[in-house]
Amino acid sequence: MMNVTYIAHSGFAVETEHQVLLFDYAQGELPKLSPEKPWYVFASHVHGDHFSEEIFRLAQKQERIYFILSSDIPEEKVEDRRKNHVIFMAPWEKIMVDGMWVETLKSTDEGVAFVVTLEDGTAIYHAGDLNDWFWEGEDASWNRKMEECYDKVLEKIRGRHFHIAFVPVDPRLGSRACDGAVHLLQRVTADVLFPMHCWEQYGVIAALKEKLEQENFGGRIADISGRGQVFQV
């Protein structure tokens, strides 16, 4: 059993029996999380809606903490005294941290997406800004190239199963808002999909549900309707 808290935008906290994982926490109120467990703080890229230097203040109240950051985040943004607890990861890397595997995929925007596999086999996917960014009004060749790049990355994880998947569903993409999630789930399976990067326009989740019903998605879609929601998975 895991508690998943939607913090804001693409920020989520995942608390398991043994650890706390914090993804792309850049805004919103941090929930109460166990100080008895180690914390692992992930930042997928340097954009201000995914990364804030404020995360390093967490080390003032949590001794056992690691920061796992995309390599596009400048090292000078990291407080010197925490450098021994910081790991930078470029795309297409795989490392073990305290018994869990952390893999990175190359984003179609900036930085990386994370695939985290816990010691018990629980697999978590956080896309960051890895998505099919199809912008209406953009040059058709650019949009085709974006889709090709996105699909090429997804082919690298074809057949994988994720217990939790955090995936962008951005309403600014209009009728194409759900394409990235649909393309992902044509290649992988997930028990629970958490829509993110919705800019607090949660109505887009209904459109996602409709799309995935057509795709016969067998998992659950988290009904996010506001900051601070907690889901048991």
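Here's the yes/no breakdown for (1) of a type outside the set (A, V, I, L, M, F, W, C); (2) open to solvent by less than 30 Å² (accessible area, probe 1.4 Å); (3) under 19 Å from GLU15 (Cα atoms):
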residue	(1), (2), (3)
GLU53	yes, no, no
GLN62	yes, yes, yes
TRP101	no, no, yes
SER107	yes, yes, no
On the given criteria, is ALA123 touching a strand residue (DSSP E or B) at 6+ places or on another chain (Cβ under 8 Å), hydrophobic (A, V, I, L, M, F, W, C) and in contact (Cβ under 8 Å) with a residue 60 or more places away in the chain? no
Looking at region 82-98 only, could you name the residues that are modelled with pLDDT of 95 or more, open to solvent by less than 40 Å² (accessible area, probe 1.4 Å) and not in a strand (DSSP E or B)? ALA90
With the structure loaded, tell me whether SER44 is modelled with pLDDT of 95 or more, open to solvent by less than 10 Å² (accessible area, probe 1.4 Å) and either closer than 18 Å to ASP129 by Cβ or acidic (Asp, Glu) (or both) or whether it fails that test. yes
Scan region 159-181 and give yes if some residue there is without any contact (Cβ under 8 Å) to a residue 40 or more places away in the chain, assigned to a loop (DSSP other than H, G, I, E, B) and on the phi > 0 side of the Ramachandran plot, otherwise no. yes
Given the structure, is LYS152 more than 20 Å from PHE166 (Cβ to Cβ) and open to solvent by 20 Å² or more (accessible area, probe 1.4 Å)? yes
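The values are calculated or read from the model by the stated rules, or taken from the named source; none is laboratory data. Here the structure is a predicted model, which is why all the values come from computation and not from measurement. Using ideal geometry, Cβ is built from the backbone for each residue, glycine included, and neighbour counts are taken over all protein chains shown. Quick note on the areas: whole protein, heavy atoms, side chains included, nothing else; ligands and nucleic acids left out. Shrake-Rupley method; radii C 1.70, N 1.55, O 1.52, S 1.80 Å.
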